Amino acid sequence: MDFAELVEDEGRGLVAAATAIVGDRHRAEEIVQTAFERCYRRWGKVSQLDKPGAWVRRVAINEAISVSRRRSNERRAVRRFDSQAASIAVADPLAALDDEGLWASVRALPPDQASALALRYGADLPVAEVAETLQLTVPAVRSLLHRGRATLRSSPAVQSYAP
């Protein structure tokens, strides 16, 4: 596999997963671009791995989690110093995903659960690849997915989907 094939194979799913985590498609595209840049700079080593796609996914997801944490910390700081911050609307277009409220609920989950859900449903990866990307066992990923889905069931954003 050459680098161009890797970008073609992984790009779209990575943008979807990162969007699910950070809530901003443009920021997600930047994150994925940065991950591919790091991959390209290390292509001599990364290309020798059994699954270079898993390496670039791990880099992108780690960065998305970091961005999400920074964004959360920034929001808390703004609320502390500005009581009017609650009235400021944050643009959060999830153009690639169907339901903004649902993915906002996913982002509110613990990072490991949010990452597992984003990779499984946002990037449409099989559980085994999610496990490889997150460097976890398949049973651990299944547990994260189960706990994340269980928490989401009580979310108002998910109630409209309940039978």
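Label point 7 Å out from Ser143 along Cα-to-Cβ: which residues of segment 20-61 have amide N under 16 Å?
Answer for segment 20-61: none.
Count the net charge of all other residues whose Cβ sits under 15 Å from the Cβ of Val56, scoring Lys and Arg as +1 and Asp and Glu as -1.
Around Val56, the charge tally is -4.
Cβ neighbours within 10 Å, averaged per peptide: list 51-57, 102-108 in order, most packed at the top.
For the peptides 51-57, 102-108, the packing ranking is 51-57, 102-108.
Within 10 Å of each residue's Cβ, count the other Cβ atoms and sort Glu74, Glu29 from fewest upward.
Glu74, Glu29
Sticking with the crude label model, points 7 Å out along Cα→Cβ, report the distance from Arg42 to Ala104 in nm, one decimal please.
Placing both labels 7 Å beyond Cα along the Cβ direction yields 3.6 nm.
Read-outs throughout are calculated quantities, based only on the coordinates presented, and are distinct from any laboratory measurement. What you see is a predicted model; the values in this text were computed from it and never measured. No Cβ is skipped: glycine too gets one built from the backbone with ideal geometry, and neighbour counts run over all protein chains shown.
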